Each structure stands twice: as structure tokens, then as C-alpha cells.
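The values are calculated or read from the model by the stated rules, or taken from the named source; none is laboratory data. Just so we're clear, the structure is a prediction, and the values are computed from it rather than from any experiment. Here the Cβ is made from the backbone with ideal geometry for all residues, glycine too, and neighbour counts use every protein chain on show. Note: areas computed on protein heavy atoms with side chains; ligands, DNA, RNA excluded. Shrake-Rupley method; radii C 1.70, N 1.55, O 1.52, S 1.80 Å.
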Amino acid sequence: MWSTSSQNFLGVGHTHEDVDGVLALCKAALDSAAILHTPMDVCNRIQEKLSPVFHARGLDLEVELVSAVSWLLAIFVLGDH
């Protein structure tokens, strides 16, 4: 499906450490997968590897495949802040 993955961080002074941390966990989960054939394989891998991490912190994780997202409506929620 792809041969490389990358992750970018926001510049110094941004306060999105929680999002950066979750993206780092996603990248690690995907990098350690032997084979991912479909987009649903990606979702399942992230769900499988990250659910225990979230549950240990009292958080639920739901990964879903979407076909399109308006950037105005895309919101990533990591719990009640």
C-alpha cells in the first residue's frame, strides 16, 4: 500500500503535544506491522495496538475509516479537556 511513512511536528510554541504523541503511537503501530493490504487493515492495526494504551489511561479509542472529511469539521478529541 505504501513504502514509507512520515510524521511532522508543529513548531516550537504550539501546544498540541497530545496530538503529536498519538500520531507517534500510530506511526509506531504501523511501522511494526508486517503487511497492511487495505485501509481497513490500517484502522484495525491502530485499534489493536493503541486500545490498551488508551484504556490504561481510562480513555476509549475508536478508529474508523472515512471516505471524506471537511477540514472545517475535522476534530480530534482525546478525552474531556
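Of all residues in region 39-54, those that are free of Cβ contacts under 8 Å to residues at least 12 places away in the same chain have Cβ atoms under 6 Å from Cβ atoms of residues that are not in a helix (DSSP H, G or I), 6 or more apart or on another chain, in 51/61; 54/61. Candidates are the residues of region 45-81 that are in a loop (DSSP other than H, G, I, E, B) and at pLDDT 90 or above; the one that is farthest from residue 34 (Cα to Cα) is 58.
Kindly provide the set of residues from region 27-43 that are open to solvent by less than 80 Å² (accessible area, probe 1.4 Å) and either under 12 Å from the mean Cα position of the chain (by Cα) or among the hydrophobic types (A, V, I, L, M, F, W, C) (or both), ordered by number. Within region 27-43, 27, 28, 29, 30, 33, 36, 42, 43 qualify.
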